[in-house]
Ligand code: AMP
């Protein structure tokens, strides 16, 4: 099939790399002349020209996206002539933090207390209701900790609101968590549903640095709990493709931080670590093919992000159980340039690799 991807970043690139052995061809829709996936498929650069968007749609049998921060007008135009997965419900939901939280509340899925904030007086009253510390986040477009401000004292109110540039925001109560976890599910057009195991994520300045897969010390009931939250969400939005839930593990159990209607950075370990990667399973899902097994291959896996500078990548190439994935991007502060996956049957060996790659971890 001809698969169109909205966006030309690393997620589209890795979707293309997994679609190729299945005999698919890729198309990419880029806003302007940048992009790192273009070598992997025909790229349509639209600069908001509807004619180019139409050509892209006409040349794709099915269209998907690598980010929820995309222009819904473009998606709606494409939807008139082509199939787009995940559904518009998935996209609409995850484009706005308050909509996302409202749905979680409706489905009785725990999330941080929150209030919509459109002015400094809204912010003051939200702080009175939620308390401090709290996090102010732009309602739309935020990712990797961008558009966020942790408010610890009332003296920071003006500074925090300024950081949002008057954009609609939500104030969230600060969750005291023990660990950050995530779970990835994949659902086919025919309703088949599979889950990857819960993984543990460590962030620095809002950016994911390290994933341990599977997360250690996870009871069967915790995995089932995370899967049950996924079940409710997927049934509600009729999701097709990969869906990710970012979670906090707290004293009160699992609390959902965010929903991502797409392949996710915390699932990159699946490329070498699982029977079928999240990328291949997303492609299988949207092309109505049977889903692949999501079981882990080796007992212990990790993923380390390469952020800002490429660092000593040859070290990775020289080591048997470490795998290098670079995204063909130029170095820039806080930019995701690639990742390293590590897979092993021994926890000691996994830890040795992580220690050996400490340059990549803050
Ligand atoms: P986000 O972009 O919403 O995923 O947030 C980025 C990171 O900020 C998360 O991975 C957490 O480490 C932290 N964070 C976000 N929201 C909260 C919260 N309500 N309470 C505590 N930490 C949070």
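For the residues 282, 96, 310, a GNM of the chain with alpha-carbon springs under 10 Å puts the largest fluctuation on 310. Size descriptors for segment 103-193, from the alpha-carbon set: Rg then Dmax equal 15.6, 53 Å. Rg ratio for segment 179-308: its Cα radius of gyration over 2.2 N^0.38 Å, N being its residue count, equals 0.99. For the chain, the mean residue ellipticity at 222 nm estimated from helices alone is -8500 deg cm²/dmol, where every DSSP H run of n ≥ 4 contributes -39500 (n - 2.57) and the total is divided by all residues, rounded to the nearest 500. Considering only beta bridges that DSSP places wholly inside segment 2-84, some 0 percent are antiparallel.
Reducing segment 187-227 and segment 285-362 to their Cα centroids gives an inter-centroid distance of 16 Å. If the segment from residue 205 to residue 58 were pulled out straight at 0.36 nm per residue, it would be longer than the present Cα-Cα gap by 48.8 nm.
When Rg and the Kirkwood radius Rh are both evaluated on Cα atoms of segment 2-84, their ratio Rg/Rh stands at 0.92.
Using a Gaussian network model of the chain whose springs link C-alpha atoms within less than 10 Å, name the residue from 81, 43, 94 with the highest mean-square fluctuation. Looking only at 81, 43, 94, the largest GNM fluctuation is found for 81.
When the Cα gyration tensor is reduced to axis lengths a ≥ b ≥ c, the ratio a/c stays below 1.5 for the chain, which is therefore classed as rounded.
The distance between label points at residue 251 and residue 158 comes to 3.6 nm (points 7 Å beyond Cα on the Cα→Cβ vector).
The modelled label-to-label distance for the pair residue 232/residue 168, using points 7 Å beyond Cα in the direction of Cβ, is 2.4 nm. If the chain linking residue 189 and residue 309 were pulled fully straight, counting 0.36 nm for each residue of separation and taking away their Cα-Cα distance, it would gain 39.2 nm.
Here the label points at residue 76 and residue 105, each 7 Å from Cα along the C-beta direction, are separated by 2.6 nm in the simple model. Could you tell me the distance between the Cα centroids of segment 112-183 and segment 47-100, to the nearest Å? Computed from Cα coordinates, the inter-centre distance equals 28 Å. Computed over the chain with a Gaussian network model linking Cα atoms closer than 10 Å, the most mobile of 88, 59, 252 is 252. When DSSP beta bridges are restricted to pairs lying wholly in the chain, around 80% turn out antiparallel.
Computed from the coordinates by the stated procedures, all read-outs in this text should not be read as laboratory data. These numbers were taken from a predicted model, which means no experiment stands behind them. As a convention, Cβ positions derive from the backbone with ideal geometry for all residues, glycine included, and neighbour counts pool all protein chains shown.
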